[in-house]
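Colleague: Here you go, one structure.
What follows draws every value from the coordinates through simple rules; no lab data is involved. Small disclaimer: the values here were computed from a predicted structure and weren't measured. Because the Cβ atoms are built from the backbone with ideal geometry, glycine has one as well, and the counts that use them run over all protein chains shown.
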Amino acid sequence: MNKPVSTPSDVPDGYEIAEDQAFNSHVGPFYLRTQDDGVHGLLPVRAYHLNRGGVVHGGMLMTFADMIMGRAAHNAIPDRRCATVSLNCDFVASAKLDDWVRGTARVVRRTRAILFVTGELHTDERPILTASGLTFVGATDDFRFRAFETATGKKVWETKLKASVTATPVTYLGSDGRQFVTVMNTGGSQTGSVVTNDEVIAFALPKK
């Protein structure tokens with residue numbers, strides 16, 4: 001069943017409905033606005049966006065992210081057709097019924113054949129999803145655990161530990177809706193550093 005496409009009165013000026021008679025008409029409504037810093041999107045959360053846990057389905061968030069990132073790509077090369085070849089998403093927190101999910105997307109790199117686009121979804125300034133991905137690196141001999149933007153290589157976070165990280169980080173969604181990244185922090189192993197610690201450490205964004 002198609003969803004109504006009328007624009008609610010509380011949608012800010014400058015946003016236009018982005019639904020059509022294809023896939024988007026079944027999962028929206030989406031609203032988009034193009035600015036100098038990229039594409040901005042809005043998704044008013046309805047009951048049909050929720051999973052059995054009462055929060056917005058992860059697939060719905062990825063669809064919204066793909067839409068605004070696709071629009072950013074199209075704006076960069078309006079005379080050519082674009083198709084998503086890879087979409088890496090990290091779920092940071094959840095969104096609920098009646099939330100307004102806001103998204104941003106921008107092109108960060110361009111080659112002859114591929115555009116690299118990053119995106120983020122949030123509610124009330126609280127990040128809930130990053131798209132294009134974060135790469136975590138901890139197997140270094142300086143005992144630091146770092147996060148990088150996958151598309152650009154830009155370092156976005158780091159912390160000093162008691163030892164190097166010796167295994168692939170594990171990520172999971174906590175009962176409070178926050179995304180956690182957990183590491184084994186012992187030292188030794190491939191890094192050749194001295195075993196100086198014996199802990200499993202979990203990181204997450206602060207509670208709001």
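Colleague: Which FRET efficiency value, to the nearest 0.05, is calculated for Asp10 and Thr34 with the Förster distance at 22 angstrom and r the Cβ-Cβ distance? Don't jump to the answer; show the numbers that get you there.
Modeller: Details: r = 20 Å, r/R0 = 0.93.
The formula returns an efficiency of 0.60 here.
Colleague: Mind checking which aspartates and glutamates have their Cα closer than 13 Å to the Cα of Lys162? Skip sequence neighbours fewer than 8 apart in that chain.
Modeller: Filter leaves Asp141, Asp142, Asp198, Glu199.
Colleague: Below 8 Å, C-alpha to C-alpha, sequence gap of six or more: please give me the relative contact order for the chain in percent. Please list the in-between numbers first.
Modeller: Working: 432 pairs, mean separation 26.7, N = 208.
Value for the chain: 13 percent.
Colleague: Let me ask something else. In the chain, if every C-alpha pair distance is counted and binned at 10 Å from zero, what percent goes to each bin?
Modeller: Taking every Cα pair in the chain, the percentages come to 8, 30, 30, 20, 9, 3, 0.
Colleague: Something else: With just the Cα atoms of segment 16-131, tell me how far they stretch along each of the three principal axes, in Å, largest first.
Modeller: Result, largest extent first: 43, 31, 25 Å.
Colleague: A further question follows. Modelling each spin label as a point 7 Å along the Cα-to-Cβ direction, I'd like the Ala22/Ser86 distance in nm, to one decimal.
Modeller: 2.4 nm
Colleague: Let me ask another. For a quick check of your reading of the filter: which trypsin sites (Lys or Arg not before Pro) in segment 29-59 sit in a DSSP loop and have no more than 10 other Cβ atoms within 10 Å? Provide the component values of the computation, followed by the final result.
Modeller: Details: sites: Arg33, Arg46, Arg52; in loops: Arg46, Arg52.
Sparse-neighbourhood loop trypsin sites (Lys or Arg not before Pro): Arg52.
Colleague: Could you work out the pair-distance distribution P(r) of segment 119-166 from its alpha-carbon pairs, with 10 angstrom bin width and percents rounded to whole numbers?
Modeller: P(r) over segment 119-166, rounded to whole percents: 26, 41, 27, 6.
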